[in-house]
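Presented below is the structure to which this report refers.
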Amino acid sequence: MEGLLEHPGYDGEKLRRVSEQLPCREVQAGMLLSLMGEPQQYCYPSLFIYGHRASGKSHVVNVLMKELELPHVTVSCVECVSSALLFEQVLLSFFGCDAASLLPRSPSLSDFVRIYKQRTSEFPSKQTRYIVMEQAELLRDASVNLLPALLRLQELDNVSVILLSEIVWDKFRPNTGCFEPLLLHFPDYSKAELLQILSAGRNSSYSAEFYSSYINILLGVFYTVCRDLRELQHLAALNFSKFCEPVAEGKETETHKLWKNIEPHLKKAMQTVYLREVSRSELSSGFALHVLPYYSKFLLIAAYLASYNPARTDKRFFVKHHGKIKKTNFLKKNEKTSNHLLGPKPFPLDRLLAIFYSVVDSRVAPTASIFSQISSLVTLQLLTLVSHDDQLDSPKYKCAVSLDFISAISRTVNFDIVKYLYDFL
Amino acid sequence: MATSSFSRGCFVFKPSAKKKKKKKTTVDLESYFTDGCEGAESSETRFKLCLDLWNKIKTETEDLQDELNRNILDSLLQFTRKCSSTRRHGNWASQMRASEIPTAALVLGVNVPDHDITFQSLSELLRCSVTPHVASLQAKECGALKHLMKRVLERLMDAVVDDEEEEEEKEEVQHSGAPLHKSVHCSLRALCDWYSSKTKKSSCSSSGKKRSSSAVDEHQQPPVVIIFKDLEAFNPKVLQDFILICSRYLDRLPLMFIFGIATSPSTVQRMLPHSVSSLLCIELFQSLSCTQHLTTVIDKLILTHSFPFKLNGKVMQVLVSIFLYHDFSVRNFIKGLQLALLEHFHSQPLSSLCCRKKEAQIQLQQLSAGDLDRIRQLPSFNRFLKEQDQQEQDNLQTDDTYLKEVCQKLLKGLHKYHKNYYPVLRCLHTLTSSLPRYPLGKQIRELHLICLEKNVWESEEYQSAMKLLKMLAKDELISLLQKCAEVLQPVKSKKMKNAFVQLEELLDKFKQLNAAAELAPSVEEKLTCPVKNLQKKTDLFQLQKTLLEMNESRRAKRMSPFEVLRNEAMEFVDGLVKNHLSPPESKPLYEVCYYSSSATVRRHLNATPRTSIQAALSSPYCYIQNDSLKSEDGSVSNAAPDICIAHKLHLECGRLINLYDWLEAYSTVVSAAEGNDPDPDGSGKMDEVKHARFIRAVSELEFLGFIKATKKKTDHVARLTWGGC
């Protein structure tokens, strides 16, 4: 194998295993290793690794840490809703439970530093400790002093912080200034690299060549639209059984014929790249249309009209004898852009109800259940509440459904919505 | 300290207090029922009947629900089992997807109130047969990630978290009173530790272990199922974060999600970005639609003679329209049924007869004189009375024992009527439900409603349906009649047995006809011979004559044996309908079984807050039952509450109301009520108390949304309602 990792201070066997697990990331791993130095040597205080999704950032770091048995803690910033959780996890994995329990109720950064210092003087480590922070971009939302402090944590002890993020460092830099970490970029995998990695996950009951020919076909189809390793893995797993069908029946072994066989399936899968199973079922389209109560449908229609028609045109649409408001007058002074391009506009509850009462064909009493239907439409996310939750007085809504959806709904209740839409006059 | 002990005291004593209350309420239920109920003497038996019936309805609906959900629940269970088993010794494909959290997307429809029962039975089933670790979450209790975590941990670890929390809380009150700090307890790491200790695998707790090693003792690894009851209502950010966190622990914690979706599966994509949804391996499940559910419920509870309690057409209409127009909720439909049941037994003293035939006979014998008088006053009984001769009428009016005898017969008749009504209704529905444009409705409930309202055979729809039926092709007709026969077969009543026999005979005839037609297709030939004659004639007059003859003969001969038989069959059906599908109002004593106050049901189930506020303001008597407030022709008495007077006065104003004028008017009215001269000393000074009362009334009106402050004119308020005097 080319590019075997070599570094003094580490067991050759371990390094071999590491490089086995990190195909196509030898360069980055080697770089990291040389930055880290030998286990007892001080590393650079903080490293910032960035690259797109599924470019192997966490994988490389985790494999290095685990295989080389370095003292480390991996923290996901999503999980740490408060900095307390972060401190606790760090202390817990470096010094055990009793250290973590020393933390006060809502610890500040200085509490953490104090305990860390105290502990590290009691249990000094020969090796560099590593704190790996995944999804580090969330640190920007944490308290202002957390990120700068983490970056220079080495002042306490032989410890390094590795930040992993999908965002470039420029977006992190706090305006008060801070210690600059060492930046390390993980580039996207090339097509050949993808081929190599995907082929590694082969099915043990088939030969490596067979599987890599399959991956080759797969990449040929999907590489133009999708370079995400994880999505490709998903697609590979999904379509492989189809690919194997003729082989299992003992008919085909020729790659070309197999390609002919799999092509339509892959073409179909092309429609739903990035959309997982959910969208594959036929159910998804037009399911919700027929399953709303009668008045809810009309409420939704009224909401749509209120969202997409300017309020001043209501008179023309909903007043029976609207006098001399001519179409042309309206069209002349109207704005050039279509309301459908601008998106839904908020409207008050009163307007919704007024339109509702005029579009619904029978007389409806303003019962409590009409109002509760509005709020259930909000929970179903067909309407959105624009004003604040607490505002009881004339709340404002927006309609959150598409024209296709609403026209299908109005068809079920025999309501010609296009006739009432200002854009289609 | 004091506060903590106080709160603790609350926690300790609350459950026992609750228990006491519960006991009391169970005892009190009956007295609630009897309180203010008409005909108090029989209220006890009526209460018992009502409870019995309600329990029966409840168990029946629960069974039905289980039955209906069985399919989807079974497939869900299978899914969970499959997930937990492939996790352990999976093939290649499942290993490729090992990093994904198996997720079942359960599409349940918009009838959210009904979902609770489904989820309840689902989690029970899961607990019994798959895993003890099931947590179900509702959006409203998971506003933030912290709360979501806490709920998950609470539900999975049961009381464990609770205790700690409480202790923590105590400590906290003692220490600082800072917001709850539960980092030690509320993280998935804690859950992992708990899980591994539960499954008794100490090796699991070290994070280095991988999936492959956990396959060693597979049976001790039941999945952890988390149910999100209403996915749409969850905060997307919270959900995304939670899924991200969960996926990090997947190798140590065999997690599984179930999403309850009300609208469409694409919601998942709308709520979760690709980076999150790619962590899920979603499978879709779809439940039965709520209209189908309602149909089965109506079929089981209403279209059957085994429940003596019935709804009349209007009440039924109200319940069905609430379902169709407002909520699509079967649970609410059943609640409505319960309300009607309760109201019926509460308000109708004769409802003690609304039970099974034998019990009804016993009850009848125990009726008091007052009850018998009530029977005599029933409109349906009066109608029956008028049909009898004078002698009979006198007997019935005076002789109580004779009346009881007659009533016994009438009750029997009513039971028989029900026994025959439903099978015939079903027959008619099977015949008409597939006709073009559904003249008698697609659903059997529509037909039922028509039949409850009036004589169905007099309606135009029925006529047109019959016409269409008389045009049916042979095989269609035969299959429909066969279905009818299947409906009639299991019915035990005498008349239905007869009808079944007749129907079978008809079917036999049809079959013979089939056989005969195969033997002799001779009809065609006969028709062709006059045409041959036609060719010979040359005379115009003759030609016309023969053509006319031909026409007539054709019309007469058109009736093939099949057509004759078809007409016979239709007449048979028509006869059945006329005999058995008359509306219940025509039956004497129908009031015993039928609940008819649709207004009450509507008022209770479909509340109109605005109308009631209006009513309260314009005629306070209907809420405050005080005789001095009684007033005729819609005017408000001057002794009414201040707000009513102010409301009445403001109705007389235009868009803008001058506050001072309003105050003057108000003070005049109120002083008149007190019997004082409005302005005794002529100084124009307002009584301060009256002034304050007026201001309060005005601000109440503002609060209710009748007026609002305006900047158009000083000292004025704007009216927000139209109309008035």
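Any read-out appearing in this document is the output of simple, stated calculations on the displayed coordinates, not a laboratory observation. For clarity, every value in this text was computed on a predicted model and none was experimentally measured. We place every Cβ from the backbone using ideal geometry, glycine too, and count neighbours over all the protein chains shown.
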- R0 of 30 Å, Cβ-Cβ distance residue A:207-residue A:62: FRET efficiency to nearest 0.05: 0.45
- Task: Give the value in nm², to one decimal: projected area of the alpha carbon convex hull of the stretch A:4-185, averaged over all directions.
- Result: 10.0
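Pairs B:358/B:386; A:398/B:58; A:14/B:237; B:630/B:713; B:442/B:470: which are spaced more than 30 Å apart, C-alpha to C-alpha? Please list the in-between numbers first.
On the way: B:358/B:386 28 Å; A:398/B:58 40 Å; A:14/B:237 40 Å; B:630/B:713 37 Å; B:442/B:470 19 Å.
Violating the 30 Å limit, Cα to Cα: A:398/B:58; A:14/B:237; B:630/B:713.
So if R0 is 41 Å, what FRET efficiency would residue B:366 and residue B:604 give, r being the distance between their Cβ atoms, rounded to the nearest 0.05?
Efficiency, from the Cβ-Cβ distance: 0.85.
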- Write down the radius of gyration of the stretch B:347-410 and its Dmax, each obtained from C-alpha positions, in Å. 11.5, 33
- Taking 7 Å along the Cα-to-C-beta vector as the label spot, tell me the residue A:386-residue B:292 distance in nanometres, rounded to one decimal. 4.0
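Nothing charged except the Cβ atoms of Lys and Arg (+1) and of Asp and Glu (-1): what's the magnitude of the dipole of the stretch B:326-368 about its Cα centre? Round to the nearest 20 debye.
Details: 5 positive and 3 negative charges, 40 e Å.
Taking the Cα centre of the stretch B:326-368 as origin, the dipole is about 200 debye.
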- Sort out for me the Cα centre separation of the stretch A:8-34 from the stretch B:420-496, rounded to whole Å. 81
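For chain A, what does the equivalent ellipsoid look like in terms of its semi-axes, each the square root of 5 times an eigenvalue of the Cα gyration tensor, given largest first in whole Å? All intermediate terms of the calculation are to be shown ahead of the outcome.
Details: eigenvalues 618, 252, 68 Å².
They are 56, 36, 18 Å, listed largest first.
Taking only DSSP H segments of four or more residues, each worth -39500 (n - 2.57), what value at 222 nm results for chain A once the sum is divided by all its residues, to the nearest 500 deg cm²/dmol?
Details: 18 runs with 195 residues, N = 425.
Calculated from helices alone, the mean residue ellipticity at 222 nm is -14000 deg cm²/dmol.
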- Task: Give the span of the stretch B:609-719's Cα atoms along each principal axis, as three whole-Å numbers ordered largest to smallest.
- Result: 37, 35, 22
- Using 7 Å Cα-to-Cβ label points, what is the residue B:31/residue B:56 separation (nm, one decimal)? 3.0
- Item | P(r), alpha carbons of the stretch A:92-132 - 5 Å bins starting at zero, rounded % | 5, 20, 32, 28, 12, 2, 0
- Query: For the stretch A:4-185, with only Lys/Arg (+1) and Asp/Glu (-1) charged at the beta-carbon, what is the dipole magnitude about the Cα centre, in debye rounded to 20?
  - Reply: 220
- Message: In Å and on Cα atoms, what radius of gyration and Dmax does the stretch B:547-668 show?
- Response: 32.5, 95
- Message: Between residue A:263 and residue A:127, what is 0.36 nm times their sequence separation minus the Cα-Cα distance? Round to one decimal in nm.
- Response: 43.6 nm
- FRET efficiency, 1/(1 + (r/R0)^6) with R0 25 Å, evaluated for residue B:652 and residue B:628 via beta carbons: 0.65
- Query: On a 0 to 90 degree scale, rounded to 10, what angle separates helix A:191-200 from the longest Cα axis of chain A?
  - Reply: 80
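Just counting partner chain Cβ atoms within 10 Å, what average do the residues of peptide B:263-272 show around their Cβ? Write down the numbers at each step before the final one.
On the way: counts 7, 11, 10, 8, 5, 6, 6, 2, 1, 2.
Averaged over the peptide's residues, the number is 6.
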- How do B:596-605, B:328-337 rank on mean C-beta neighbours within 10 Å, highest first? B:328-337, B:596-605
- Quick one: Debye curve from the alpha-carbon atoms of the stretch A:32-112 only, equal weights, vacuum; give me log10 I(q)/I(0) at q = 0.10, 0.19, 0.23 Å⁻¹ to two decimals. -0.32, -1.02, -1.21
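Report, as an integer, the average count of C-beta atoms from other chains found within 10 Å of each Cβ along A:227-236.
Working: counts 0, 3, 0, 6, 2, 0, 4, 6, 0, 2.
Per-residue shielding by partner chains comes out at 2.
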- Message: Let's see if you can work this out: charge +1 on each Lys and Arg Cβ, -1 on each Asp and Glu Cβ, no other charges. What is the dipole magnitude of the stretch B:609-719 about its Cα centre, in debye to the nearest 20?
- Response: 760
- Query: Zone of residue B:476 (label point 7 Å along Cα→Cβ, backbone N under 20 Å): which residues in the stretch B:558-589?
  - Reply: B:559-574
- Bins of 5 Å from zero: percent of alpha-carbon pairs in the stretch A:191-270: 3, 15, 31, 26, 18, 5, 1
- Query: Once the dipole of chain A is set up with Lys and Arg at +1 and Asp and Glu at -1 on Cβ about the Cα centre, which of A:47, A:158, A:145 lies farthest towards its positive end?
  - Reply: A:145
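Considering Cα pairs under 8 angstrom that are at least six residues apart, work out the relative contact order of chain A and quote it in whole percent. Don't jump to the answer; show the numbers that get you there.
Working: 478 pairs, mean separation 56.5, N = 425.
RCO, chain A: 13 percent.
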- Task: Treat each spin label as a single point 7 Å out from the Cα along the C-beta direction, and report the residue B:71 to residue B:433 distance in nm.
- Result: 1.5
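Across peptide B:109-115, how many C-beta atoms of other chains are within 10 Å of each residue C-beta, on average?
Numbers: counts 4, 11, 3, 3, 1, 0, 0.
Shielding by partners across B:109-115 averages 3.
Taking N as the number of residues in the stretch B:380-427, what is its Cα Rg relative to 2.2 N^0.38 Å?
Working: Rg = 13.8 Å, N = 48, 2.2 N^0.38 = 9.6 Å.
With N residues counted in the stretch B:380-427, Rg over 2.2 N^0.38 Å equals 1.44.
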